[in-house]
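The structure appears below as structure tokens.
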Amino acid sequence: MKRALGVCYYPEHWPEEMWAQDAVNMVEAGISWVRIGEFAWSRLEPKEGLFEFDWLDRAIATLADAGLKVVLGTPSATPPRWMVEKYPKMLAIDDQGRPRMFGSRRHYCHSHAGYCDAAAVMARRLGKRYGRDGRIAAWQIDNEYGCHDTVLSFSDAARDAFRNWLAQQYQSIDALNRAWGNVFWSMEYANFEQIELPLLTVTEPNPAHVLAFRRFASDQVVAWNAAQVRVLRPLTDAPLIHNYMGRVTEFDHFALARDLDIASWDSYPIGFLSDRLEGDALHKARYLHQGDPDMQAFHHDLYRSLNGGRWWVMEQQPGPVNWAPYNPAPMPGMVRLWSWEAFAHGAEVVSYFRWRQVPFGQEQMHAGLRYPDDTVAPGLEEVRQVAEELAGMPEVVPAQAPVALIFDYASDWTWKTLPQGADFDYFRLVFEAYRALRRQGLSVDILPPDVADLKDYRIILAPGLAQVSDALQERMTGSSARCLVGPRANQVTPDLSLTVPMGPNLENLDVTVRRVESLPPGTKRPVEDGGAVVHWAEHLDGTADVQLADYDGRAVLVGSGSIRYLGGWPDPALWERIIGALAEEAELKLTPVPQGLRLRDTGSHRFAFNYAPEPVIWEGHELPPAGVAWWPLP
């Protein structure tokens, strides 16, 4: 598919006489896709049963007549006021028992059957009207599941659905009591109707109860999305898409994606640096106007694995955002860099949010490609440059990376439920492994734990995987790769009881975790010859070969054959040593890059991206700050 640019547009926000010129200006800028409609329920159905589609018909016609392909969104992320009056219990409830009130967005509980049905009815109406309309080239279902902490709802509807879910999962209350260890603290139940949601307990609730609720909540999001898919599928042949959000892990994106055709995500590099990433003050100051060098690429590689490699950026930051604690402007050239980085990782479309900055509402301080007075904002000039470069660029051919990194949403829920340390965060652990790989110039594929094929990878990493299935072990050992699992691998059951003995229970690797320690910030356990363990340390026992140990002689990395077990959380220097050793065994060449430079290899080209605030010279190419370069691979 030819790579293309898009933009998010809200015709309902602007006088109709502006639409035609907006469409012409989009096409002149090199934009060919436009997303509309995902927040427009109150204009589509201002009163229950009163549908007003004429304005949307005219908007679609205006945009399509200019040559734009339309992505039409279902508007279920913004139920109108009358809907809340009809279903007052559709509002999500937070963990303090308070309703998430009307007046913003995503104010619904995924477990409320009435609103789920209403959203499906709206999707069906849209599908019947536009499903065979060739101008509608794709559909977006809802918007940013999980954004604003909206996966976990503690409503009556969620409680009732949770009880039913538990009955299906466990079949009998005795089985549930055994699985949860409810003999502890006399927590045993006589029937499923006695089970409440895990909130407002005197001290922490049973972790098995909490983890079950997290699994249930994820399943509810998947079921919610599937309800709209079911009604749209028979009505359209256009692909169905959802736009995920960065570092939202409360539901299983792999599971949800099975019902869709294309994955997309919303990329806000500078907002994420401030709002969603750990990092010291120096790191955040260095990349204040660029974003973290690895955050965008991580999500590109994650979402590339969801739908057979078909993925988009549905919303790309074009200027300062409004929602982070601090909102600096992008460095000149960064909008172009972010766009090309997405294409280098295989994106089909990069779409910018939004066409014009709106002068009202919650996002009035969020930049667009044009200012509120319709003059050109800086990001638009960079979009034009990308469009011109795309026109002269040969097709970017995807290729399997040499490294696979296993990512598991259930492991994130597990360690959020039982962190055993205030700063043990699964996403952070996996992301630091990803960063370490990229600092060595490596391209990475991020894969689910049930991936069917691991052949031809040279290195496979599975940090923090709560359960390592027999099937995954078989695929890892059956590959020719050097494999690393841990820390915290296979240490708990799916019901969050300790395995006995406590992990990692890997075939042909004699190692047991006897006890664990969580280390406070600033504490390091130096490892012999360089690097240190931070955050988390395990005391290992067994006959596996010790490959790295700390200065007290405690094993940190052990191995046998192609499998390695990591018994601690590495700092950057230790990650570098570990990856270097794995690469040497795998006969994989590393190309360590200067600070802030990142590489991405496709099947035909090598791309280089300079996130650093100073120029970088690499393999004869001088990249200025925000510079991008590419050249054919030999």
- prompt: Only one of (1) touching a residue at least 60 places away in the same chain (Cβ under 8 Å); (2) loosely packed, with under 14 Cβ neighbours inside 10 Å is not met by ARG482, so which one is it?
  reply: (2)
message: Please verify whether ALA329 is at pLDDT 95 or above, touching a helix residue (DSSP H, G or I) at 6+ places or on another chain (Cβ under 6 Å), assigned by TED's automatic domain parsing to the domain that holds GLY30 and farther than 28 Å from VAL396 by Cβ, treating the condition exactly as stated.
response: no
message: So, in the range 177-208, exactly how many residues are surrounded by fewer than 17 Cβ atoms within 10 Å (Cβ to Cβ), among the aliphatic types (A, V, I, L, M) and in contact (Cβ under 8 Å) with a residue 12 or more places away in the chain?
response: 4
query: Got a sec? Which of GLY97, GLY114, GLY103 is outside any helix (DSSP H, G or I) and over 27 Å from the mean Cα position of the chain (by Cα)?
result: GLY97
field: Residue match in the range 35-45 (condition: basic (Lys, Arg), modelled with pLDDT of 95 or more and surrounded by fewer than 16 Cβ atoms within 10 Å (Cβ to Cβ))
entry: no
message: Go through the range 128-152 and report how many residues are over 20 Å from ARG247 (Cβ atoms) and assigned to a loop (DSSP other than H, G, I, E, B).
response: 6
- request: Specify the residue that is surrounded by the most Cβ atoms within 10 Å (Cβ to Cβ); the eligible residues are those in the range 561-576 that are assigned to a strand (DSSP E or B) and in contact with a strand residue (DSSP E or B) (Cβ under 6 Å, 6 or more places away or on another chain).
  value: LEU566
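Can you find a residue in the range 272-287 that is on the phi > 0 side of the Ramachandran plot and either buried (at least 19 other Cβ atoms within 10 Å of the Cβ) or of a type in the set (Asp, Glu) (or both)?
The initial filter retains those residues of the range 272-287 that are on the phi > 0 side of the Ramachandran plot, namely 279.
Checking which are either buried (at least 19 other Cβ atoms within 10 Å of the Cβ) or of a type in the set (Asp, Glu) (or both) leaves us with none.
Among the residues of the range 272-287, not one is on the phi > 0 side of the Ramachandran plot and either buried (at least 19 other Cβ atoms within 10 Å of the Cβ) or of a type in the set (Asp, Glu) (or both), which makes the answer no.
Can you find a residue that is aromatic (Phe, Trp, Tyr), over 22 Å from ARG215 (Cβ atoms), within 26 Å of the chain's Cα centre (by Cα) and in the same structural domain as ALA263 (by TED's automatic domain parsing) anywhere in the range 124-141? Steps first, please.
Initially, the range 124-141 is screened for residues aromatic (Phe, Trp, Tyr), giving 130, 139.
When the remaining residues are screened for being over 22 Å from ARG215 (Cβ atoms), the result is 130, 139.
Imposing the further condition that a residue be within 26 Å of the chain's Cα centre (by Cα) reduces the set to 139.
Then drop every residue that is not in the same structural domain as ALA263 (by TED's automatic domain parsing), which leaves 139.
Yes, because at least one residue in the range 124-141 is aromatic (Phe, Trp, Tyr), over 22 Å from ARG215 (Cβ atoms), within 26 Å of the chain's Cα centre (by Cα) and in the same structural domain as ALA263 (by TED's automatic domain parsing).
Among the residues of the range 37-62, write down those that are outside any helix (DSSP H, G or I) and more than 31 Å from the chain's Cα centre (by Cα). Steps first, answer last, please.
Residues of the range 37-62 that are outside any helix (DSSP H, G or I), as a first pass: 37-40, 45-53.
Correct list: GLU45, PRO46, LYS47, GLU48, GLY49, LEU50, PHE51, GLU52, PHE53.
Identify, from the list ALA175, ALA167, ALA190, the residue that is part of a loop (DSSP other than H, G, I, E, B), more than 24 Å from ARG230 (Cα to Cα) and over 25 Å from the mean Cα position of the chain (by Cα). Explain how you work it out, then say what you get.
Numbers: ALA175 fails: part of a loop (DSSP other than H, G, I, E, B); ALA167 fails: part of a loop (DSSP other than H, G, I, E, B).
Only one candidate qualifies: ALA190.
Condition first: β-branched (Val, Ile, Thr), out of contact with any Gly (no Cβ under 9 Å at 6 or more places or on another chain) and under 30 Å from GLU204 (Cα atoms). Now tell me which residues in the range 415-450 satisfy that. Talk me through it step by step, then tell me what you get.
First, the residues of the range 415-450 that are β-branched (Val, Ile, Thr): 417, 430, 444, 446.
Next cut, out of contact with any Gly (no Cβ under 9 Å at 6 or more places or on another chain) only: 417, 444, 446.
Within the range 415-450, THR417 is the sole residue that qualifies.
Picking from ARG354, ARG435, which residue would you name as being among the basic types (Lys, Arg) and surrounded by fewer than 21 Cβ atoms within 10 Å (Cβ to Cβ)? So that I can check it myself, show each step before the final result.
Details: ARG354 fails: surrounded by fewer than 21 Cβ atoms within 10 Å (Cβ to Cβ).
Criteria check complete, one pass: ARG435.
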statement: Within the range 89-119, residues surrounded by fewer than 17 Cβ atoms within 10 Å (Cβ to Cβ), under 20 Å from PHE216 (Cβ atoms) and of a type in the set (S, T, N, Q) come out as GLN96
Selection within the range 457-498 - under 21 Å from HIS300 (Cβ atoms) and of a type in the set (D, E, K, R): ARG458
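Which one is farthest from PRO632 (Cα to Cα), of the residues in the range 380-399 that are outside any loop (DSSP other than H, G, I, E, B) and touching a strand residue (DSSP E or B) at 6+ places or on another chain (Cβ under 7 Å)?
Filtering the range 380-399 for residues outside any loop (DSSP other than H, G, I, E, B) gives 380-392.
Of the ones still in play, those that are also touching a strand residue (DSSP E or B) at 6+ places or on another chain (Cβ under 7 Å) are 380, 383, 386-387.
Details: LEU380: 28, VAL383: 24, VAL386: 19, ALA387: 20 Å.
It comes out as LEU380.
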Filtered residues of the range 556-585 (kept if touching a residue at least 40 places away in the same chain (Cβ under 8 Å), farther than 22 Å from ARG438 by Cα and aliphatic (A, V, I, L, M)): VAL558
task: Consider GLU17 carefully, then state whether it is part of a helix (DSSP H, G or I), surrounded by fewer than 23 Cβ atoms within 10 Å (Cβ to Cβ) and in contact with a Lys or Arg (Cβ under 6 Å, 6 or more places away or on another chain).
output: no
- prompt: Applying the selection to the range 438-451, what residues are touching a Lys or Arg at 6+ places or on another chain (Cβ under 9 Å), within 20 Å of ILE563 (Cβ to Cβ) and among the hydrophobic types (A, V, I, L, M, F, W, C)?
  reply: VAL444, VAL451
- prompt: What number of residues within the range 351-374 are part of a loop (DSSP other than H, G, I, E, B), in contact (Cβ under 8 Å) with a residue 60 or more places away in the chain and under 17 Å from GLU38 (Cα atoms)?
  reply: 5
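The values are calculated or read from the model by the stated rules, or taken from the named source; none is laboratory data. Being a predicted model, the structure only gives us computed values, none of them experimental. FYI the Cβ positions are ideal-geometry reconstructions off the backbone, even for glycines, and counts take in every protein chain you see.
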